[in-house]
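The values are calculated or read from the model by the stated rules, or taken from the named source; none is laboratory data. Since the structure is predicted, the reported quantities are computational estimates derived from the model, not experimental observations. Here the Cβ positions follow ideal geometry from the backbone for every residue, glycine too, while neighbour counts run over all protein chains shown. Ligands, DNA and RNA are excluded from the accessible area calculation, which covers all protein heavy atoms including side chains. Shrake-Rupley method; radii C 1.70, N 1.55, O 1.52, S 1.80 Å.
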Amino acid sequence: MAQIEALLQTLAAKLPLLLSTAGLLVAVFLAQVLLKGNPLANLPVALDDLPSDEKRRQAFLTRAKDVYATGYKKFKDRVFRIITSNKYHVIIVPPKYLNELKSLPDDTVSFDGAIEQTMHAKYTKLEVGHKLIPHIVKSNLTPSLVRLNPTIAEEVQESFRREMPECDDWTPVNINYKLLRIVAMVSGRVFIGPELSRSEEYVDAAINYTIDLMHARQAVDTMRPWLRPFLANRLPEIKKLNERLAQADAFIRPIVAHRKKLPKEQAPDDMLQWMLDGQSEKFGGEYKTETLARMQLGISFAAIHTTTMTTTNVFYNLAAYPQYVSLLRDEVREVLAQNNNTFTSAALQGMKRLDSFIKETMRIDPAGFAGFQRRVYKPFTLSNGQVIPADVIIEVPAHALAKDPDVFENPDQFNPWRFYDIRQKAREQGAVEEAAQNQFVSVNPLVLTFGYGRHACPGRFFAANEIKMIIANTILMYDMKLMDGHTQRYPNLEFGLSSIPDPTKELLFKRIEIA
């Protein structure tokens, strides 16, 4: 009896140790099981020197460019993951796998799914996934550019007359604000027709919807993911966006209703009409007027936001590097003289130095630090055996790639003729395809400005033409420079994976004598 009591006392004394040991063994067993079933667990993570995912999340919000660059340099040819401001996992895939990725079907990796996630479409109500819009852009808009280019050029010139001050002497201009209005009117001429594109109601709706949408997206980004289902719709930015949607819908709805009643021979020649005419079962049947209105807003967002940012970036570089302007101006004059002073498709293609200047600008200062974003719906395996699981976002580190010295010589240097020289050398060697791939509008796996694969931006041809016309007209009419006291290009503002030219900055413009 005494021996039994002694044994019980010994067990009681050692019970905490036995329980903790058992708990540790259980924890180790569970960890092994979970790790074995979680393909993400074995992937390295960018900023692995930070103590927690929360620290990495904060780093992404404030210095995402460094997060991508650090991960790319450390893991370069390996798949790795980053911790972002969102609840979903983001896996970074090396650029060398782009050709494999672009061949995957849409039910495996989804472009639209990635937009829904990154733009928080659940809360911002951004219209995503309609197949009609890319079809209309490819089938109607792009083939019509040869015919529309002179009209677009006239709209650019008229918009400049309306928006730019006289500038008889050096005059400060917030060029980002002016470009928002110019791009809205020029794009609107093609999207919704001349009778509406210059109206203040349309310009206000198109511009401010874009601004409010980006503010709403940023506000949701900063909110903890688990709080979003409960509080995101209460955010002031979301409420303001909803008000903007209602205002825009009230403006566009009667236009759509009127268009539906017009005889075919009276139908306008613009994108809204192409959308109305293109409705069919293949593209989801006939859309409600509300949906068409939101789709029109979505088109405006895509065009106005990206085109304005790109063009503002170019203007900031023109002002920061004035030594290049005279050569660009001479090229524009010469090419236009060869094309009856008209912005034909041939004239725009002939502006090769301008093309290079724009492409180099976007290499240095892209709109985002990652490219080829896709949501993964089904697991797939890369050629190296790496399994990419479902329910993640995949990206390619586009900006880090563009700054890789193994890809571009002196990658941190702004070289406006970089792509001009590449194209000239390729032509001399008879490499016609390589020359074509280094145009601004081309889809190139080394510069992912317009994406890659079958979901590359379908509107890039229209956007590139519009950007070239705006810049060409400007350098023919004005000299420009940075504000007094500034000697270097204005730095871009960065938030998360986005990079935008500072919209508060001004440039000095002075009208030049036209020869």
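Before moving on, here are some points about what is shown:
- Cross-link partners of K403 among aspartates and glutamates (Cα-Cα below 14 Å; sequence separation of 8 or more within a chain): D66, E360, D365, D412
- Note on W226 and D107: the model spin-label points, each 7 Å out from Cα along the C-beta direction, lie 3.5 nm apart.
- Pair D421, R329: separation of 7 Å Cα→Cβ label points (nm): 2.5
- What the phi angles of the range 46-60 give under the Karplus curve with 6.51, -1.76 and 1.60, with θ = phi - 60°, is a coupling list of 5, 6, 5, 7, 7, x, 7, 5, 5, 5, 5, 4, 5, 5, 4 Hz, glycine and proline written as x.
- Dipole of the chain, positive end: most advanced residue of L245, T108, T361 [Cβ charges, Cα centre]: T108
- Identified option (computed mean projected area of the Cα convex hull in nm²; candidates [x] 32.2; [y] 47.0; [z] 30.4): [x]
- Bridging of K378 to lysines at a Cα separation below 27 Å is possible for K36, K76, K87, K96, K102, K122, K125, K131, K282, once same-chain residues fewer than 8 apart are set aside.
- Surface listing: H305, H120, H215 arranged by accessible area from highest to lowest gives H215, H305, H120, probe 1.4 Å.
- Sequence of Y287, Y209 from largest to smallest accessible area, 1.4 Å probe: Y287, Y209
- Simple spin-label estimate for T291 and K260 gives 1.2 nm between the two label positions (7 Å along the Cα-to-Cβ direction from each Cα).
- With the largest listed first and rounded to whole Å, the semi-axes of the equivalent ellipsoid of the range 476-515 from the Cα gyration tensor are 28, 12, 7.
- Legend: calculated FRET efficiency, D502 to Q413, from the Cβ-Cβ distance at R0 = 22 Å, rounded to 0.05, equals 0.55.
- Area of S144 that stays accessible when all protein chains are in place (1.4 Å probe, Å², to 10): 10
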